[in-house]
Amino acid sequence: MNHMLHSGLHGFPFSIVVEKQSSPNLRKDRFPLRHGKYSEIRTQDFEFRFNLNGEIKTIRGLSPHWPHPAEELKRTDGNDWMYYTVGDQSGDRGIISWLGEYYLPCLPYPSNSVWEVNYFANPVIMNAFSAWSQLYADLYMAGKNTGLHSRAGELVERIMLNNDNVLHERANQLHTIIGGQVSVLPPDTRHVDYEVIPLMIADGCLYHCKFCCVKTARKFQTRSKENISEQIRQLKSFYGRNMENYHALFLGNHDALASGAELICFAAEEASAAFGFGKPQVGTPMLFLFGSIDSLLKAEDSLFEQLSRLPFYTHINIGFESVDQSTLELIGKPVDASTVLEAFRKMQHMNSLHTNIEISGNFLLGEQLSGEHDRSLAELLSEAKGSSHAKGTVYLSPMQDNPKRRELLPRFYEIKSRSRLPVFVYLIQRL
Ligand code: SF4
């Protein structure tokens, strides 16, 4: 139900919808992306959306000058403004073919995208930020208007409490609760448009690979149950009323799978109960975590059985990187190609056993990698059991120092065309 309380607010150049309800689940083929409950304010040239705490979430241009009616700016909980583009090609070479999504998030920080829009250089897009400042000033004046309907007045008050400085501080607060910024989210979080609640159950990782741009210097160490419970308590308060718009949990950090079944299940169950996940009208919540080759190989069947009994659909993402021994040595990943193969087979086996667990894997894509890397990977994927719709998506992650990123796409399509499993490009995003 939509509560349209003010349309063309008297004397002010905007209209307000205090609360709008779209489908609780993300419909990816709709444009622009919408789900859950939010507030909407429209001026002649822009549409602004706010979450249930009154924090600005998206800005979309409405004038004919805006690049595309489906494109918009979106702010993350880490306070990064990203520009969602639909790209410059459709059909079998469009964004959907290499990302699995209809939109490509263009990030305001260095990442590994094969294609990005430098939206900072586009005055039409940047004008959205001036329009946001103008709207904030207009809302301030409107807030003094005693004729405002009480619910619209409350919304204006909430928005006034969340100016740009407060939003910056809120992101710092989130990072303080979990013990630092999330340097990379699993690629599978694209299924919920990267809208996850982060909860750290371990720090560091097992390998410290030379090529990796997201690692920390810390040794792998699990967090205590007390620490996890305290994070959950603080996260619940941090997300406030807007918690109802979340149905996905990311258990961090780089190798949560190595934490073992007891800690993973403890964290997932406590968080699910505290955050109110699993409401029947919303459907099954999603759980995301990273794993490593060793943590996957060491994981006993009982771990997967316990995960399969959680109230979540669980996505585990494993960093394989290459099945070519010389490439593994070049990138400084301290595992053998035979071990990578063994873990890849285990991924496929586990995917066939558990209907609510999906393990995906990452391999590298880079100009500096040998033909043997591409050849061995294409061969592995051409012999894999499965279909292009099967579980076990393979993500190809462009190495960050490629000078000509878009020229990697032909290499990507070559590997994808030979694969029996779904293959997409991994876009590294932080939170
Ligand atoms: S690739 Fe994964 S395992 Fe290797 S250093 Fe980076 S985070 Fe750690």
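May I ask you to verify whether Tyr102 is among the hydroxyl-bearing types (Ser, Thr, Tyr), modelled with pLDDT of 90 or more, surrounded by 14 or more Cβ atoms within 10 Å (Cβ to Cβ) and not assigned by TED's automatic domain parsing to the domain that holds Tyr239? Considered against the rule, which asks whether it is among the hydroxyl-bearing types (Ser, Thr, Tyr), modelled with pLDDT of 90 or more, surrounded by 14 or more Cβ atoms within 10 Å (Cβ to Cβ) and not assigned by TED's automatic domain parsing to the domain that holds Tyr239, Tyr102 comes out as no. Here Gln134 passes the criteria (1) in contact with a Lys or Arg (Cβ under 9 Å, 6 or more places away or on another chain); (2) surrounded by fewer than 17 Cβ atoms within 10 Å (Cβ to Cβ) except the one numbered (1). Restricting the first member to region 321-348 and to residues that are within 15 Å of the ligand (Cβ to nearest atom), and the second to residues that are basic (Lys, Arg), the beta-carbon pairs closer than 8 Å and six or more apart or on different chains are Glu321/Lys333; Ser322/Lys333; Ile331/Lys210; Gly332/Lys210; Lys333/Lys210. If you go through region 175-187 and keep only what is outside any loop (DSSP other than H, G, I, E, B) and more than 18 Å from Leu364 (Cβ to Cβ), you end up with His175, Thr176, Ile177, Ile178. Of all residue pairs spaced 6 or more apart or on separate chains, those with beta-carbon atoms under 7 Å, a first member in region 205-222 that is at pLDDT 85 or above and in a loop (DSSP other than H, G, I, E, B) and a second member that is of a type in the set (Ser, Thr, Tyr) and near the ligand (Cβ under 7 Å from one of its atoms) are Leu206/Ser292; Tyr207/Ser292. Just to be sure, is Arg405 outside the structural domain of Pro110 (by TED's automatic domain parsing) and either within 25 Å of Glu116 (Cβ to Cβ) or among the acidic types (Asp, Glu) (or both)? Yes, satisfied. Consider region 290-315 and keep the residues that are in contact with a Pro (Cβ under 8 Å, 6 or more places away or on another chain) and within 24 Å of Leu380 (Cα to Cα). The one that is farthest from the ligand (Cβ to nearest atom) is His315. Here is the figure for region 340-389: residues that are within 24 Å of Glu305 (Cβ to Cβ), assigned to a helix (DSSP H, G or I) and either touching a Pro at 6+ places or on another chain (Cβ under 8 Å) or not aromatic (Phe, Trp, Tyr) (or both) total 11.
Restricting Tyr207, Tyr246 to those that are within 16 Å of the ligand (Cβ to nearest atom) and among the hydroxyl-bearing types (Ser, Thr, Tyr) reduces the list to Tyr207. A Cβ distance below 7 Å, combined with a sequence gap of six or more or placement on separate chains, defines the contacts here; from region 294-309, residues that are in the same structural domain as Glu342 (by TED's automatic domain parsing) reach residues that are assigned to a helix (DSSP H, G or I) and acidic (Asp, Glu) in the pairs Leu297/Glu342. Of the residues making up region 249-274, those that are crowded, with 21+ Cβ neighbours inside 10 Å and away from the ligand (no atom under 16 Å from the Cβ) number 5. Considering (1) more than 17 Å from Val184 (Cβ to Cβ); (2) surrounded by 12 or more Cβ atoms within 10 Å (Cβ to Cβ); (3) modelled with pLDDT of 90 or more, the lone condition that Pro123 does not fulfil carries the number (2). Whenever a residue of region 103-126 is under 16 Å from Ser397 (Cβ atoms), its partners that are part of a loop (DSSP other than H, G, I, E, B) and among the aliphatic types (A, V, I, L, M), lying with C-beta atoms within less than 6 angstrom and at least six residues away or across chains, give the pairs Ser111/Ile428; Asn112/Ile428; Ser113/Leu427.
Restricting attention to region 277-289, the residues that are within 24 Å of Leu206 (Cβ to Cβ) and more than 16 Å from the ligand (Cβ to nearest atom) total 1. Annotation for region 149-158: at least one member residue is surrounded by fewer than 12 Cβ atoms within 10 Å (Cβ to Cβ), away from the ligand (no atom under 16 Å from the Cβ) and in the same structural domain as Arg75 (by TED's automatic domain parsing). If you go through region 132-139 one residue at a time, do you hit one that is touching a strand residue (DSSP E or B) at 6+ places or on another chain (Cβ under 8 Å), more than 16 Å from the ligand (Cβ to nearest atom) and closer than 30 Å to Gly100 by Cα? No, the conditions are met nowhere in region 132-139.
Restricting Glu195, Glu269, Glu262 to those that are among the charged types (D, E, K, R) and under 22 Å from Asn53 (Cβ atoms) reduces the list to Glu195.
In region 225-238, the residue that is nearest to the ligand (Cβ to nearest atom) out of those that are free of Cβ contacts under 8 Å to residues at least 60 places away in the same chain and farther than 13 Å from Gly179 by Cα is Lys225.
The residue that is nearest to the ligand (Cβ to nearest atom), among those in region 194-204 that are part of a loop (DSSP other than H, G, I, E, B) and modelled with pLDDT of 95 or more, is Ile201.
The values are calculated or read from the model by the stated rules, or taken from the named source; none is laboratory data. Keep in mind that what you see is a predicted model, and the values were worked out from it rather than measured. Cβ: placed from backbone, ideal geometry, glycine included. Neighbour counts: every protein chain shown.
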